[in-house]
2 protein chains.
Amino acid sequence: MKNIKDILPGRVLTDIEDLFCYGFDASSFEGLPSAVIRPVNTDEVSIAVTFAFERGVPLIPRGAGTGMTAGAVPNLRDSIILSLEGMNRIIDIDDKNLVAVLEHGVINAALQNKLESMGFFYPPDPASMDFCTIGGNVAENAGGPRALKYGVTRDYVLGLELVLPNGKVLTTGVKTHKGVVGYDLTRLIVGSEGTLAVITKIFLKVLPQPEEIATLLCPFPKLESAAMAVSKITASKIIPRTLEFMDHEAIKAVENYKPVGLPADAEALLLIEVDGAPASVNAEADKIAAICTSLGADVRVADDIYSRKRLWEARRSVSPALYRISPSKINEDIVVPRSKIPEMILSLRNIGDRYGLKIVNFGHAGDGNIHVNIMTDKNNQEEYQKAKDSVKDIFEATLRLGGTISGEHGVGLSKAEYLKMELSPLGIELMKAIKKTFDPKGIMNPGKIFPADI
Amino acid sequence: MKNIKDILPGRVLTDIEDLFCYGFDASSFEGLPSAVIRPVNTDEVSIAVTFAFERGVPLIPRGAGTGMTAGAVPNLRDSIILSLEGMNRIIDIDDKNLVAVLEHGVINAALQNKLESMGFFYPPDPASMDFCTIGGNVAENAGGPRALKYGVTRDYVLGLELVLPNGKVLTTGVKTHKGVVGYDLTRLIVGSEGTLAVITKIFLKVLPQPEEIATLLCPFPKLESAAMAVSKITASKIIPRTLEFMDHEAIKAVENYKPVGLPADAEALLLIEVDGAPASVNAEADKIAAICTSLGADVRVADDIYSRKRLWEARRSVSPALYRISPSKINEDIVVPRSKIPEMILSLRNIGDRYGLKIVNFGHAGDGNIHVNIMTDKNNQEEYQKAKDSVKDIFEATLRLGGTISGEHGVGLSKAEYLKMELSPLGIELMKAIKKTFDPKGIMNPGKIFPADI
């Protein structure tokens, strides 16, 4: 790859120590790119993409590299990482029409904070929100605890500015809250994991901030009681904004890592939030507390913003905390119909027993999205193989219950080999034909979502 | 077209008096199909589609024919109407997981009523809800008044069963509230107006019914005060579930057609609903009433379900009622950023004056979606031409304000010639390439969305 440093002077990294920094994400995969390009505007993105297009070089768009499925990992030799971290301007927040315009690299929490200071609210809150970019969130269709009431990233993206694989710039969608002109290219790009185009700008719908929030920590002596509480809360027609679940091992891991006083003897814990007008928030919080108490929970209410923040920091630290249990983990994010959670948890226990593996579960109980963590050690080849084998069993059980193998992490590299378990050959064929339409030379993040053999 | 009656005995209509019934929709376009096929299950749809595919005959899927942009009108000679009206089973309502499964032809109101009887809620409520099918709603990405708080059809479709143009059956999406495996084919089909595939089954997300609703009728002596009220209500951080607007002419037309006691002297009227927990509903209704009263509105609150229903029937009858003003109308559904509504209304007045045409406006003020009705007489060729000419001016003004030429009616035939005003050649090219991927022979609703010359 001659001349790559000349195409965008000062924006291209090729030193080995720099390349190492862009070789991994939050999955267990890693690789090494040939170069890293860090454009700071759409024109520069277009120049970089055109360079790759003309030479047929694989191009891997990357936000902050916090993905869980290796979507931003350089999996092929001679690939270029296109890092959008330098495009981090919030261009506009239209407070009259509740629309925010921003570049790919804006950090989720930076947007949240800016909006909160103005009385507004952007719901999607992946656990990595302090680091991940909104552009990466769009590429993965990121969720988070608040998805239960407020939906996922897809539900907030009104339009996009894209650089297509041939270097041309396309604006999709609308800048209004409604619009139905032509095919929905916007939502075709949401969740396409960098395989169709590079996202440069994003038009987001935002909401008014809810007036009040109540946060309840509900530890249960028995796992079954926690599952029952989830059913009873939803049957009572309340939609909490979050209904998070941690099992015993997850609670213990967090308390070891970042002690906030979680009850380490509980078999399960629910972290529940309701929001809205003060009167309804109080009524709903009381109803939820009564349900949980009647099922044996020792309910605690976060009395101020500091204790609320501490509880959420604890929740968000589950994933890193688990490395205290074992040096490696395989992290899945299956979804089953909410009513099937108890059955799924039982299946997970059986699978863990069968393979002799510790499986730790936490996640978004409200929408049936369970983060399944198979604890292992990559250096213990025999055990690691068992852990990998168990994934197929877990996905089989998930699909049997009417679920999906990914609720919010996407497919990337780590789930590509399982794609055929969920999607039909016909569906995959159509998706690959759509990819070819966008990306005839196959330069956009090749090998992600679709494995080489299908 | 030999043998068409034999492919599905008893399901095929070819008598001229039957064909006439399928020659029009709620637009001003009409045509005549060569045949109408009325399948009652997916296998029959597949047989019908395969027949058209093998012969390269245009196929026009049709729900109830209530579309406003001629999407279901047989625009070409020798086309087949595929009417899904006979596939009208609600297959399942999963009350534990809040998912409904239904066939294309289920009437929107039938689903609403069934869900309400179980304590659930499906928000999208197009004005034609008593007649239109959910399948048609999906094909058009239908909205309605409640879209302001609850979003449009797209936001509730979890997955679809489709018959592709080659007759093969494909299931897309998930049956859970979350899922990100592969490209979002589901939302690519939503709003594709029958040009990509035939929708046979639909998996919908439903919600718990809100505990309480308050309905306020707010007539304003001045149009400007109504616009100001919209701004003040949204600035107060309330999201009403509806915030509907009617201008003076719309009010008068409804009172002539279906008298419910609307104040015929008001320059504008807002029909506002809030919903949620009783305490918050009361507080929000009081706040809204205070804002509107302070701007000169004579606020009336609907005190029971009957008066609420009467007000909504009045609102939904605006479109038919307008035929009392003139025998024909051109009906557009532009969207502008909400804050630009007063400017847009002024533009519409100027355009009406310039062309000497009466323009009546109503619609969803909360999300900037205005139904613009240019009143005319199709038999007066000179005037009708003027009315058609004014459409371009209206769209130019809309786009200049950052809007879109369709909020919920789609493009169909009636807006196809204006597509290039909103979308770039690059965007259109990409959409047409996607169409080709699904429909290589171009049999699916040809001429809709994309006019022949682009």
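The values are calculated or read from the model by the stated rules, or taken from the named source; none is laboratory data. From a predicted model like this one, the values you see are computed outputs, not experimental measurements. Quick reminder, even Gly has a Cβ in these numbers, built from the backbone with ideal geometry, and neighbours come from all protein chains shown. To get the accessible areas, we keep the full protein, side chains included, count just its heavy atoms, and leave off ligands, DNA and RNA. Shrake-Rupley method; radii C 1.70, N 1.55, O 1.52, S 1.80 Å.
With all protein chains in place and ligands, DNA and RNA left out, the 1.4 Å accessible area ranks A:T215, B:T14 as B:T14, A:T215, largest first.
Rolling a 1.4 Å probe over the protein heavy atoms of the range A:325-403, with every protein chain left in place, gives an accessible area that is 43 percent carbon and sulfur.
Calculate how steeply helix B:223-235 sits against the longest principal axis of the alpha-carbon atoms of chain B, using the helix alpha-carbon long axis, and give the answer as 0 to 90 degrees to the nearest 10. Roughly 80 degrees between the two axes. Think of the axis that spins chain A onto B; the A residue whose C-beta lies nearest it, and the distance in whole Å, is A:A279, 2. The simple spin-label model puts a point 7 Å past each Cα toward its Cβ; for A:D18 and B:D389 those points are separated by 6.1 nm. Cβ-Cβ distance of B:K309 and A:E116, R₀ of 45 Å, FRET efficiency by 1/(1 + (r/R0)^6): the value works out to about 0.70. Each DSSP beta bridge with both residues in chain B is either parallel or antiparallel, and the antiparallel ones are about 85%.
For A:D6 and A:L32, the FRET efficiency from 1/(1 + (r/R0)^6), where r spans their Cβ atoms and R0 equals 22 Å, is about 0.50. Shortest first, B:K222 label-point distances to identical copies amount to 6.7 nm, with the label point at 7 Å from Cα along Cα→Cβ. Taking 0.36 nm per residue of separation and subtracting the Cα-Cα distance, full extension of the segment from B:E267 to B:K222 would add 15.7 nm.
In order along the range A:309-321, phi translates into HN-Hα couplings of 4, 5, 4, 6, 4, 4, 4, 6, 8, 4, 4, x, 4 Hz, rounded to whole numbers, per the Karplus curve 6.51 cos²θ - 1.76 cosθ + 1.60 with θ = phi - 60° and x for Gly and Pro. Which net charge results when you count Lys and Arg as +1 and Asp and Glu as -1 among the other residues whose beta-carbon is under 14 Å from that of B:D92? Taking every other residue near B:D92 into account, the sum is +2. Taking a sphere under 9 Å around the Cβ of A:L223 and counting the other residues whose Cβ falls inside, with K and R at +1 and D and E at -1, yields a net charge of -2. Across the identical copies, the 7 Å label point of A:D95, projected outward along Cα→Cβ, sits 4.6 nm from its counterparts, in ascending order.
About the centre of its Cα atoms, the range A:90-208 shows a dipole size close to 300 debye [charges on the beta carbon of Lys, Arg (+1) and Asp, Glu (-1) only; nearest 20 debye]. Restriction of the GluC sites (Glu not before Pro) in the range B:56-124 to DSSP coil positions whose beta-carbon has at most 14 other beta-carbons within 10 angstrom yields no sites. When the trypsin sites (Lys or Arg not before Pro) in the range A:74-152 are filtered for DSSP coil states and for at most 15 other beta-carbon atoms within 10 Å of their beta-carbon, the remaining sites are A:R77, A:R89, A:K96.
Accessible surface comparison of A:K201, A:K448, probe 1.4 Å, protein chains only, largest first: the order is A:K201, A:K448. Here the relative contact order of chain B, from alpha carbon pairs under 8 Å that lie six or more residues apart, stands at 15 percent. The candidates B:R310, A:R354, arranged from most to least accessible area with a 1.4 Å probe in the full protein assembly, appear as A:R354, B:R310. Chain A and chain B together bury an accessible surface of about 6000 square angstrom, both sides counted, with a 1.4 Å probe and no ligands or nucleic acids included. Taking every C-alpha pair closer than 8 Å and separated by at least 6 residues, the mean separation divided by the residue count of the range B:4-83 gives a relative contact order of 38 percent. State the cysteines of the protein assembly as shown left without a partner when partners are defined as other cysteines whose beta carbon lies under 4.7 Å away. Isolated Cys, the protein assembly as shown: A:C21, A:C132, B:C21, B:C132. Spatial offset of the range A:303-375 relative to the range A:103-167 amounts to 23 Å, using the alpha carbon center of each.
Between A:Q381 and B:E396, the modelled label-to-label distance comes to 7.3 nm, taking each label 7 Å out from Cα in the direction of the beta carbon.
Label-point distances for B:S236 to the equivalent site in the other copies, using a point 7 angstrom along Cα→C-beta, read 3.0 nm when ranked shortest first. Taking other residues whose beta carbon is less than 10 angstrom from the beta carbon of A:V101, and scoring Lys, Arg as +1 and Asp, Glu as -1, yields -1.
Placing a pseudo-label 7 Å from each Cα along the Cα-to-Cβ vector at A:K96 and B:K436 gives an inter-label distance of 4.3 nm.
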